[in-house]
Amino acid sequence: MYLKYAHKPHRRLYERLNVEFQAVIVSADNVRQDVVLKNISTRGVCVESVQPLRLGTFMDVLIGESPFLTSSLQKKAKVVWWRLLGNNRYCAGLDFGLDNMIELVKRPVALSPVSVLSAVKKFIRWFFI
């Protein structure tokens, strides 16, 4: 006996950028919460928080200057899923909606001379010592 799928496996429609970036979400009753963006797409974000977010609620997502946006961002988004990560940490998906999508910037990260020099020193120490 074998199973035959009646539909194709789910594929993401929008490319996600994995990030580790600070942001703020604000609930409808004006409660602010610091979160960490885990990924972002033109359609929404995945955030890590210390409190669970209620499914179906709308939040304002505030993102400051970042390498993946042309300017700071304030968008309304709906909580569409959440799960417990452990140790009072939660992960949640927030959807901007089709009529509220954002444009992401794909550009290389500029490295400062200090960070390049530091990386070279670490490599030399690792390789020769």
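Here are the numbers:
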quantity	calculated
Flag for residue 73 being more than 14 Å from residue 104 (Cβ to Cβ), within 15 Å of the chain's Cα centre (by Cα) and of a type in the set (A, V, I, L, M, F, W, C)	no
Check on residue 53, part of a loop (DSSP other than H, G, I, E, B) and surrounded by fewer than 20 Cβ atoms within 10 Å (Cβ to Cβ)	no
Only listed residue being part of a loop (DSSP other than H, G, I, E, B) and modelled with pLDDT under 95, chosen from 99, 29	29
Single condition residue 57 does not satisfy, out of (1) of a type in the set (Ser, Thr, Tyr); (2) farther than 22 Å from residue 15 by Cβ; (3) within 13 Å of the chain's Cα centre (by Cα)	(3)
Pick from the stretch 32-50, criterion among the β-branched types (Val, Ile, Thr) and assigned to a loop (DSSP other than H, G, I, E, B), ranking: surrounded by the most Cβ atoms within 10 Å (Cβ to Cβ)	42
Filtered residues of the stretch 11-60 (kept if of a type in the set (Ser, Thr, Tyr) and closer than 15 Å to residue 92 by Cα)	27, 41, 49, 57
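The values are calculated or read from the model by the stated rules, or taken from the named source; none is laboratory data. Please read all numbers here as calculations on a predicted model, not as lab measurements. Counting neighbours? That spans all protein chains shown, and the Cβs are built from the backbone with ideal geometry, glycine included.
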